[in-house]
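Every read-out reported here was derived from the displayed coordinates using simple, explicitly stated rules and does not represent laboratory data. Since this is a predicted model, take the numbers as computed values, not measurements. Cβ placement follows ideal geometry from the backbone for every residue including glycine, while neighbour counts extend to all protein chains displayed.
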Amino acid sequence: MKAIVNVLQLPNFTKAKVLVVDDDIQLLEVLRQLLQPWGFEVALLNQPQQFWQTLEQVEPDLLLLDIEMPELNGIDLCQVVRNDLRWGDVPILILSAHNDETTVQQVFMAGADDYVSKPIRAAELVARVLARLERAKVLKKLRSLGGI
């Protein structure tokens, strides 16, 4: 982790809000423990049926969605978020134990910004989250300047 900080010369993402949606309570807690030391406000949701209510309450800067969940899966949630005017620009990372070509293609076709395979490697996850937050920040700035 220290090596990542030194190499990336981290911009200040203190208090960036990350909403993690996964039906595995143990994994949610692991993700909280990985992300909170980096200064992220981490909101956890293990019941995807409450996604929209939680999304409105948390107003996250980034979403981490698991693919396999009961009733609603991460790919479906990603597609719906991408089609929502208010939330369509929020970076979305999909988590999955499946890394076959078809699944990865579905993830990106749904509009996800990135894909992280399980088991999760801490350094990789943190680097991907930081990269997506930085990219979102740059895009937001460009939009405000009329660049895109």
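Ranking 91, 144, 102 by Cα position along the charge dipole of the chain, where only Lys, Arg, Asp and Glu carry charges on their C-beta atoms, puts 144 farthest toward the positive end.
Here Cα extents along the principal axes in Å was computed from the coordinates, and among [x] 56, 29, 27; [y] 39, 37, 33; [z] 77, 63, 27 the match is [y]. Between the residues 69, 57, 131, the greatest Cα displacement towards the positive end of the dipole of the chain, with unit charges on the Cβ of Lys, Arg, Asp and Glu, is found for 131.
Centre-to-centre, using Cα atoms only, segment 15-55 and segment 58-86 are separated by 12 Å.
Note on the chain: with charges restricted to the Cβ of Lys and Arg (+1) and Asp and Glu (-1), its dipole about the Cα centre is near 880 debye.
When the chain is treated as a GNM with alpha-carbon contacts under 10 Å, the residue of 100, 23, 89 showing the greatest mean-square fluctuation is 100.
Set the bar at 19 Å for Cα to Cα. Now go through 17/118; 17/137; 17/140 and name every pair that lies beyond it. Result: 17/118 exceed 19 Å.
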